1. Arrange Asp128, Asp38 by Cβ neighbour counts within 10 Å, fewest through most, would you?
2. Would you mind ranking Lys37, Lys178 so that the residue whose beta carbon has the fewest other beta carbons within 10 Å leads the list?
3. Can you put Ile74, Ile126 in order of Cβ neighbours within 10 angstrom, beginning with the fewest?
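Quick note: the coordinates plus some simple rules give every number you see, no bench work behind them. From a predicted model like this one, the values you see are computed outputs, not experimental measurements. Virtual Cβ from ideal backbone geometry, glycine too; neighbours counted across all protein chains shown.
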Amino acid sequence: MDHLTFAQLLGNYGEFVGAIAVVGTLFYLAVQVRHSKDATEANTRSLEQSRELALNEAGFNVGRSRLDFTRAIIPHTDLWMRGNAGEPLDRVEAEIYASFIGARWAIAFWEAQAINKLHDVKDVGIHDFAVFLFQNPGARSVWEEFNRVEQEYRDRLLDEPGRAGADEVQMVLEDLEKLRSGSSNAATYDDR
């Protein structure tokens with residue numbers, strides 16, 4: 001065998017080995033892509049499960065808050081009804097009633113943050129709170145007094161859009177104004 005034939009034979013073997021190496025590399029890359037895809041899908045499922053769990057926990061916490069709120073009011077049902085109606089309350093009763101209204105607002109706020117995300121509904125808790133205030137003159141009076149006392153804080157809060165609570169406070173105020181004016185765009189319980 002002469003050198004030229006031997007060189008061609010080596011060249012052929014080299015091409016053959018190179019072709020096998022390319023096929024092997026492609027197979028290796030296919031396996032790696034498949035593992036990467038499987039890992040990405042597993043990670044996505046895990047993130048979705050974590051999100052769902054967090055939303056369920058948030059919903060549970062808001063539900064528990066509502067239950068705790070109701071339990072707190074039960075011994076003070078008469079006070080709650082008189083306060084909602086706007087009847088006169090003594091100083092101690094007025095403080096207790098004001099704390100109930102604050103708790104009712106806190107529930108509405110957190111409901112808007114948590115539960116509404118679970119059901120992909122926007123701000124039902126906030127609009128319901130505005131309706132509650134509209135339907136209960138005593139609650140509205142306490143809320144308005146709270147807002148008068150907190151005017152400076154609220155102004156700072158509303159001057160900083162995106163700050164926790166700013167949008168929700170603004171929505172309650174807007175809904176109250178719509179309800180007072182008899183606007184057909186006012187929130188109602190039927191809007192839920």
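1. Sorted ascending by nearby Cβ count, the order is Asp38, Asp128.
2. Lys37, Lys178
3. Ranking Ile74, Ile126 by Cβ neighbours within 10 Å, fewest first, gives Ile74, Ile126.
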